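Inspection log for the structure reproduced underneath, given as structure tokens.
The values are calculated or read from the model by the stated rules, or taken from the named source; none is laboratory data. Everything quoted here is computed from the prediction, not taken from an experiment. As a convention, Cβ positions derive from the backbone with ideal geometry for all residues, glycine included, and neighbour counts pool all protein chains shown. These area figures cover heavy atoms from the full protein model, side chains too; ligands, DNA and RNA do not enter into them. Shrake-Rupley method; radii C 1.70, N 1.55, O 1.52, S 1.80 Å.
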2 protein chains.
Amino acid sequence: MRSALVVGTGLIGTSIALALSRRGIDVYLTDADEAAARTAASLGAGRVGVPAQPVDLGILAVPPARIGTELARGQREGWARAFTDVGSVKARVHGAAEDAGADLARFIGGHPLAGRERSGPLAARADLFEGRPWVLTPGAATSRDTLNQALELVSLCGAVPVVMDTEEHDHAVALISHAPHLVAALMAARLEHAREESVRISGTGIRDLTRIAGGAPELWEDILAANAPAIADVLAAYAADLSAAVDALRALGDASKDAEAAKRGAAELADLLRRGNAGHARIPGKHGAASASYTPVPVVISDRPGELARLFAAAGSAGVNIEDVRIDHSPGREAGLVELMVDPTVADRFAMVLTAAGWTVQA
Amino acid sequence: MRSALVVGTGLIGTSIALALSRRGIDVYLTDADEAAARTAASLGAGRVGVPAQPVDLGILAVPPARIGTELARGQREGWARAFTDVGSVKARVHGAAEDAGADLARFIGGHPLAGRERSGPLAARADLFEGRPWVLTPGAATSRDTLNQALELVSLCGAVPVVMDTEEHDHAVALISHAPHLVAALMAARLEHAREESVRISGTGIRDLTRIAGGAPELWEDILAANAPAIADVLAAYAADLSAAVDALRALGDASKDAEAAKRGAAELADLLRRGNAGHARIPGKHGAASASYTPVPVVISDRPGELARLFAAAGSAGVNIEDVRIDHSPGREAGLVELMVDPTVADRFAMVLTAAGWTVQA
């Protein structure tokens, strides 16, 4: 790939343009709001305007409702030899491309699984997609050239390509993103009219659980509408489990009346918690690796400047690769705990090396 | 308070003992597992054994099922003039104290809202309760002296006392802790048998949402059983909202058949998302202040050692108090974004000062 066009310079479009420009690709930028395109250009994402000659790949980073028409227009006006998009629901995009009369051989659906709580070109980062999955959904008509252009885009952005069909993708994001969003919003909604004393004793558990419920409603209204059937399927299965949990809790509450039912209720809840553990363990950590596959090495550090840097240097000179870091952060205290996630086979040796170097490693 | 006894030297008991010892209180430590008590003592939490003369306050940091009998025994053997506990469900504890024939004037229920994902004395920290709420549930019989001893304990631990009655407390924790735990576990359980491709594209949203579902099932089985009716009430209301959401999604999916129903469904979901936003905004941030009351000042920093320290020094010399910090952490990148949460009235001035000092503050 030598040239590209990014249509729509919001967070995702600008981040793609930054990544491509950094790798020497000649990038054109357009946006319905020309000020946004100029902002992206000023960040070094490329130059404003459509290309005079077709570029290698056009990336449609516009709202889902506009993808079909922008694709047809881009192909008609010869902006690029192949096109992809970045929408979060794919069956509808492919349908819209077909309805718009686009050349389907030169289109492939795409969905980079990355985002931030902030939006707009100023929040963009060239490394936004680094190590993140990027789903590609080729249609039956998609040409091999188009697929390869998209694979190169993913590679240039440092992301990991995952090829899926559109239905499979839409069910997957319903499960891991859209249904969880509603699950969080529903829990947060329980707090809207809760007593002040109750809300006041909230901790990190419910804060983390409902964090995504703070997202912009307008954006989510569109996403939920675009993938409604798949999300409804996930939530209906969830609701069946929830109903069983409520029955089990009621039986436990009435243990004095029916000890057998209470026993069955306890077993039901135990099984549910175990299934929750099992499902949670499947969620990948950094770079798609299973989170359960690293061993934490907990090290006590002071709040002195440079302490973390010294700890990482110690890891480096021990030849140990830090896969992930969790900092147990509590404001105003003098010391804290850092958990360095490392390969299980080196954890013991690493703990010994750190201890020998004077660090306090917790057992 | 001059002396105390901590019965049960797990994470919570040892953390209390460390906090009290640090403030010069003479602390005795016992545990059914004597090795655990010795470990706590070796950390500087106090001395192993029961006191020969009654201490000022006995803190029962044992599993809920043992609180009644330990209280009765402690009063019978004269370990302390007053007792409190740290159990997470209170109606049952007060009932058990009564059933055990304890002197209820010299007992007050307590629940420090703090915890960690790690457990045991080695994970203990003197500042575990710093700025955290600590609920006290005096019974009708609880003496003023007992209440004041407990208030002094909370104060010595740096926590914020919140007085509630037992029912009110149990409903509050059902809402902000126990029901959310099941909500997370149920969502995580959906992933247990999900396709590998689906799980592979998971991001931080579902990871944060289901984090608490990774907790130890045994501990949670006890908590759920102890507070079953209150949790069932919260989840039943949640289930009603969920059912409405599923209906709304189905109507949206059938928009071509019934446009009016789809419109009502969209409105229903929009309202639900808005309620989620509103509920989420009520969850307090640091030290019980509403999280919505600070303004984020986003600053670009490099990964050079000492960069954060320099930024904090700049805040200090500008006379600006940093209320909270969020670091947008992405491994392997060269620069990142730090959001400094500050009082809204100083945010603009602070951004100007930082910009003038050469920092890149995002608009």
**Request:** Just need a number here: residues in region A:71-93 that are surrounded by 24 or more Cβ atoms within 10 Å (Cβ to Cβ) and part of a helix (DSSP H, G or I).
**Result:** 2
**Complete:** Within region B:180-231, restricting to residues that are outside any helix (DSSP H, G or I), open to solvent by 20 Å² or more (accessible area, probe 1.4 Å) and at pLDDT 85 or above, the one that is nearest to the other protein chains (Cβ to nearest Cβ) is B:E192
**Message:** Given the options A:V50, A:V55, A:V27, A:V7, name the one that is surrounded by fewer than 18 Cβ atoms within 10 Å (Cβ to Cβ) and either touching a Ser or Thr at 6+ places or on another chain (Cβ under 7 Å) or aromatic (F, W, Y) (or both).
**Reply:** A:V50
**Request:** Could you grab me the full set of residues in region A:164-179 that are buried (at least 24 other Cβ atoms within 10 Å of the Cβ), within 7 Å of another protein chain (Cβ to nearest Cβ) and among the small types (G, A, S)?
**Result:** A:A172
**Message:** Of all residues being open to solvent by less than 30 Å² (accessible area, probe 1.4 Å) and free of Cβ contacts under 8 Å to residues at least 60 places away in the same chain in region B:144-161, which is farthest from the other protein chains (Cβ to nearest Cβ)? Just the residue, please.
**Reply:** B:V154
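For (1) crowded, with 20+ Cβ neighbours inside 10 Å; (2) touching a residue at least 60 places away in the same chain (Cβ under 8 Å); (3) not in a strand (DSSP E or B), each residue gets a yes or a no:
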site	(1), (2), (3)
B:T69	no, no, yes
B:G95	no, no, yes
B:I108	yes, no, no
B:L122	no, yes, yes
B:L136	yes, no, no
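Take region B:1-36 and flag every residue that is assigned to a helix (DSSP H, G or I) and of a type in the set (S, T, N, Q).
B:T14, B:S15, B:S21
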**Request:** Mind listing whichever residues of region A:93-143 are within 10 Å of another protein chain (Cβ to nearest Cβ), modelled with pLDDT of 95 or more and over 11 Å from the mean Cα position of the chain (by Cα)?
**Result:** A:V135
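In this structure, is A:R106 among the basic types (K, R) and under 30 Å from B:T360 (Cα atoms)?
Details: among the basic types (K, R): yes; under 30 Å from B:T360 (Cα atoms): no.
No: the conditions fail for A:R106.
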**Pairs with Cβ under 9 Å, 6+ apart, first in region A:346-363 and within 14 Å of another protein chain (Cβ to nearest Cβ) and loosely packed, with under 13 Cβ neighbours inside 10 Å, second among the hydroxyl-bearing types (S, T, Y) and in a strand (DSSP E or B)** = none
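Residues checked against (1) in contact with a Ser or Thr (Cβ under 8 Å, 6 or more places away or on another chain); (2) closer than 22 Å to B:A194 by Cα; (3) part of a loop (DSSP other than H, G, I, E, B); (4) not basic (K, R):
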residue: A:F129; (1), (2), (3), (4): yes, no, yes, yes
residue: A:D145; (1), (2), (3), (4): no, no, no, yes
residue: A:G158; (1), (2), (3), (4): no, no, yes, yes
residue: A:L175; (1), (2), (3), (4): yes, yes, no, yes
